[in-house]
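Every number here is computed from the coordinates shown, using simple stated rules; none is lab data. Note that the coordinates shown come from a computational prediction; the quantities given were computed from them, not determined experimentally. Don't worry about glycine lacking a Cβ; one is built from the backbone with ideal geometry, like all the others, and counts go over all protein chains shown.
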């Protein structure tokens with residue numbers, strides 16, 4: 001009859017296996033835990049504090065981390081089966097009734113429920129929080145499971161707010177912030193696998209943007225989206241070795257584009273955005289559009305995944321092929337600053353309009 005632990009797994013039937021002990025069938029996790037583990041524990045904590053928070057899933061109770069919540073609060077979990085559209089429409093209705101649904105879903109399956117997100121949740125400004133697991137490049141799961149479309153697709157929903165945490169602390173923080181929003185859909189998205197190491201900020205600006213590094217002159221503004229902030233910090237160090245200054249920021253809430261991002265872009269010669277979603281219509285595209293609408297003409301280079309179906313491979317291999325490594329990015333930025341690669345950085349010392357530069361923000365202590 002097959003592998004006994006699989007036969008006996010009535011709750012999930014080994015839907016998402018991962019690495020397991022071949023004798024016991026128990027999952028072999030990473031030493032620091034996974035992004036899903038962090039979310040799962042935080043949801044249980046929030047559930048003990050707020051009776052209005054409920055959880056929903058589409059036949060993915062265990063893979064999305066909802067099992068512990070269902071064990072603690074069995075009357076506050078709804079598994080609607082393989083029907084993402086039904087999950088999102090139901091969440092909208094429950095939000096209209098005064099609850100705050102948390103819809104936990106794989107990022108790639110959010111594609112199935114876009115109409116319900118737009119017309120049931122977005123149009124009526126329902127307070128629903130979507131937690132998108134396996135966002136970005138997932139690696140060996142293959143082309144159907146890479147969660148690379150969510151940032152480009154969801155940011156067009158009016159009033160939506162999208163958070164992309166860079167580490168465990170930010171995941172906990174941004175998830176709780178999302179739950180305070182009752183008049184619009186919120187999204188918190190994170191990748192598959194081991195959670196990234198903590199990356200503390202040097203400073204948090206008044207609108208919530210985290211400054212992760214300031215190195216010498218304001219030549220390049222590096223905007224690292226979520227876990228790609230770690231790559232951005234490494235790029236900054238490589239640029240330092242080439243005599244190029246930079247500022248590294250993590251917007252935390254990637255959508256809407258924060259005012260301080262506009263101000264910082266105005267005071268730098270070049271803006272580089274780094275995300276692990278498709279670059280066509282991604283966060284970088286949105287940043288560039290907002291800058292132009294604000295009268296900021298700083299060149300923007302939007303780095304991301306190509307708009308292709310990506311085959312099976314390790315996450316690092318895929319990112320390398322997409323040019324999303326610190327070495328490749330730094331190499332290209334040096335060429336842009338030197339004027340030998342498009343887009344070309346603004347000339348050093350060119351004037352910046354004062355009223356735009358003032359948007360660069362102040363820390364909460366100022």
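Against the chain, whose longest principal axis comes from its Cα atoms, helix 283-293 is set at around 50 degrees. Here the stretch 121-164 is scanned for amide nitrogen atoms under 17 Å from the site 7 Å beyond the Cα of residue 316 along Cα-to-Cβ, giving 137-141. Here the residues 308, 275, 237, 177, ranked from fewest to most Cβ neighbours within 10 Å of their Cβ, fall in the order 308, 237, 177, 275. Between helix 228-241 and the chain there is an angle of about 30 degrees, using the helix long axis and the longest principal axis of the Cα atoms. Can you say what percent of the DSSP beta bridges in the chain, counting only those with both residues inside, are antiparallel? Round to 5. Once the DSSP bridges in the chain are tallied, antiparallel ones form about 30 percent.
Between residue 242 and residue 115, the C-beta separation translates, for a Förster distance of 45 Å, into a calculated FRET efficiency of about 0.40.
By the count of other C-beta atoms within 10 Å, a proxy for reagent exposure, 340, 34, 186 are ordered fewest to most as 340, 34, 186.
Antiparallel DSSP bridges in the stretch 203-347: what percent, to the nearest 5? Given both bridge residues lie in the stretch 203-347, the antiparallel proportion sits at roughly 30 percent. Kirkwood analysis of the Cα pair distances in the chain returns a hydrodynamic radius of 21.2 Å. Largest GNM mean-square fluctuation across 124, 145, 230, computed for the chain with C-alpha springs under 10 Å, falls on 124.
What does the C-alpha gyration tensor say about the overall shape of the stretch 31-189? Classify as rounded when a/c is under 1.5, otherwise prolate if a/b is larger than b/c, or oblate. It is rounded, given that a/c, with a ≥ b ≥ c, falls under 1.5. For the pair residue 72 and residue 159, a Förster radius of 22 Å applied to the C-beta separation gives a FRET efficiency near 0.10, rounded to the nearest 0.05. Can you classify the stretch 203-347 as rounded, prolate or oblate using the Cα gyration tensor, where a ≥ b ≥ c are the square roots of its eigenvalues, rounded means a/c under 1.5, and otherwise it's prolate if a/b beats b/c and oblate if not? In terms of gyration-tensor shape, rounded. Secondary-structure-derived ellipticity at 222 nm for the chain, considering helices only, amounts to -8500 deg cm²/dmol, per-run term -39500 (n - 2.57) for DSSP H runs with n ≥ 4.
The simple spin-label model puts a point 7 Å past each Cα toward its Cβ; for residue 198 and residue 85 those points are separated by 4.5 nm. Fewest-first ordering of 56, 119, 153 by other beta carbons within 10 Å of each residue's beta carbon gives 119, 153, 56.
Measure nothing but the geometry: give the 0 to 90° angle between the long axis through the Cα atoms of 35-49 and the longest principal axis through the Cα atoms of the chain, rounded to 10°. Around 70 degrees separate the two axes.
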